[in-house]
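Chemist: Okay, handing you the structure first.
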Amino acid sequence: MSSEDGAARAGTDRPEPENHVAERIRMEREVRDWSTAKLAEEMTKAGHPINQSAIWRIESGKPRRRVNLDEALGFSKVFDLPLDELTSPPGGLMNAQVRRLVGEYVEKWKEWRTLGKAQDRIMAELDDYAKAHPDQADMVKVLLMHELEVASAGEFRHHRGASSKLQSWLGPDRMWPNADSEQPPAQ
């Protein structure tokens, strides 16, 4: 590469993906409401240290500071973006706010699935106990329903999120004592 090529790459004539990276870094940082200092902290935690002034120069410098491969990998990790998306035009793939919300939803869904498995395990243990102690089966169910009602400030019976396994185990008479009026619509 000639010195002219190097000068052009450092200035305004550099390849478009390098400008996309700088724009994308700013957009991803702003969507998260992070300062350049916070982004520098996150990069360090991810094992790709960079200081806040370098981030500012990447986003706003005249000319913008170039991003090396290690930094690009770090930004991809911190923002949870594939490298090719980091180099794409910021608005071209999806609104960053929507992408963040979708990512947040997926994380909560994974947590919900994990919690659901834990609840299923606990319910199976309660069921085993109730089968081994049939004289206490109703008391176990009443205690569980009571504790759920207390924990939910009386909203549990109106909540559509109760699993069908729990509804079946507790029985409709406990879930909805006035089945005609209080039972939520089928999901």
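The values are calculated or read from the model by the stated rules, or taken from the named source; none is laboratory data. Because the structure is predicted, anything quoted here is derived from the model rather than measured. Neighbour counts run over all protein chains shown; Cβ positions are idealised from the backbone, glycine included. The protein model used for the area step is the full one, side chains on, heavy atoms only, and it has no ligands, DNA or RNA in it. Shrake-Rupley method; radii C 1.70, N 1.55, O 1.52, S 1.80 Å.
Chemist: Since residue 67 meets every condition but one in (1) assigned to a helix (DSSP H, G or I); (2) modelled with pLDDT of 90 or more; (3) open to solvent by 40 Å² or more (accessible area, probe 1.4 Å), which condition does it not meet?
Modeler: Just one mismatch for residue 67, condition (1).
Chemist: Now for a different question. Given (1) at pLDDT 85 or above; (2) small (Gly, Ala, Ser); (3) open to solvent by 70 Å² or more (accessible area, probe 1.4 Å), identify the lone condition not met by residue 164.
Modeler: If we test residue 164 against (1) at pLDDT 85 or above; (2) small (Gly, Ala, Ser); (3) open to solvent by 70 Å² or more (accessible area, probe 1.4 Å), just (1) comes out false.
Chemist: State whether the residues of segment 179-187 include one that is outside any loop (DSSP other than H, G, I, E, B), of a type in the set (A, V, I, L, M) and modelled with pLDDT under 85. Step through it out loud before you land on a result.
Modeler: To start, the set of residues in segment 179-187 that are outside any loop (DSSP other than H, G, I, E, B) comprises 179-182.
So of that shortlist, the ones also of a type in the set (A, V, I, L, M) come out as 179.
Okay, now just the ones that are also modelled with pLDDT under 85, so 179.
Yes: segment 179-187 contains one or more residues that are outside any loop (DSSP other than H, G, I, E, B), of a type in the set (A, V, I, L, M) and modelled with pLDDT under 85.
Chemist: Continuing with this model, one more query. Residue check: is residue 116 over 19 Å from residue 168 (Cβ atoms), small (Gly, Ala, Ser) and not in a loop (DSSP other than H, G, I, E, B)? Don't jump to the end; show me each part of the working.
Modeler: On the way: over 19 Å from residue 168 (Cβ atoms): no; small (Gly, Ala, Ser): yes; not in a loop (DSSP other than H, G, I, E, B): yes.
Here the answer is no, as residue 116 does not meet what is asked.
Chemist: Something else: From 76, 35, which residue is open to solvent by less than 20 Å² (accessible area, probe 1.4 Å), free of Cβ contacts under 8 Å to residues at least 24 places away in the same chain and under 24 Å from residue 98 (Cα atoms)?
Modeler: Working: 35 fails: open to solvent by less than 20 Å² (accessible area, probe 1.4 Å).
Sole residue among the options that is open to solvent by less than 20 Å² (accessible area, probe 1.4 Å), free of Cβ contacts under 8 Å to residues at least 24 places away in the same chain and under 24 Å from residue 98 (Cα atoms): 76.
Chemist: Could you list all residues from segment 38-64 that are open to solvent by less than 30 Å² (accessible area, probe 1.4 Å), part of a helix (DSSP H, G or I) and of a type outside the set (Gly, Ala, Ser)?
Modeler: Across segment 38-64, the qualifying residues are 39, 43, 55, 58, 59.
Chemist: With the condition kept exactly as written, say whether any residue in segment 93-102 is charged (D, E, K, R) and farther than 13 Å from residue 28 by Cα. Working first, answer last.
Modeler: Of the residues in segment 93-102, the ones charged (D, E, K, R) are 99-100.
Those still in the list that are farther than 13 Å from residue 28 by Cα too: none.
No, segment 93-102 has no match at all.
Chemist: Right, something else. Only one of 86, 101 is within 30 Å of residue 18 (Cα to Cα), of a type outside the set (Val, Ile, Thr) and touching a Ser or Thr at 6+ places or on another chain (Cβ under 7 Å); which?
Modeler: Values: 101 fails: touching a Ser or Thr at 6+ places or on another chain (Cβ under 7 Å).
From the options 86, 101, the qualifying one is 86.
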